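Have a look at the structure below, then the notes.
The values are calculated or read from the model by the stated rules, or taken from the named source; none is laboratory data. Here the structure is a predicted model, which means the values were calculated and not measured. Counting neighbours? That spans all protein chains shown, and the Cβs are built from the backbone with ideal geometry, glycine included. All accessible areas refer to the heavy atoms of the entire protein, side chains included, with ligands and DNA or RNA removed. Shrake-Rupley method; radii C 1.70, N 1.55, O 1.52, S 1.80 Å.
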Amino acid sequence: QELKDVRDGQRILEKKGSAALKDLRRQLQLERRRGERLQERLQELLVPSRARSGQGGPRNLGGRIPKIWGEGSPKNWR
């Protein structure tokens, strides 16, 4: 009975570990996608519109240049 209990305990731990690993992999994939989207957004902000559309001047950001560290978050830059 004691051996059976130990084996059952090990199986439970393996299942929990497997579920945790699956969840961490899912989280990593979501964070990678998020990072890619942020990188694309940053590239849009850094590349002048002239290079993208053939017109001159930087993109209109409401008369101010967004700060990486400072006021507001990227969603407020639009």
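For the residues Arg7, Arg25, a 1.4 Å probe over the protein chains yields an accessible-area ranking, largest first, of Arg25, Arg7.
If we count every other residue with Cβ under 15 angstrom of Ser18's Cβ, Lys/Arg +1 and Asp/Glu -1, where does the sum land?
Numbers: positive: Arg11, Lys15, Lys16, Lys22, Arg25, Arg26; negative: Glu14, Asp23.
Local charge sum for Ser18: +4.
With an a/c value of 1.5 or above and a/b larger than b/c for the gyration tensor axes a ≥ b ≥ c computed over the alpha-carbon atoms, the range 1-47 is described as prolate. Counting only protein heavy atoms and using a 1.4 Å probe, the accessible area of Leu13 comes to about 120 Å².
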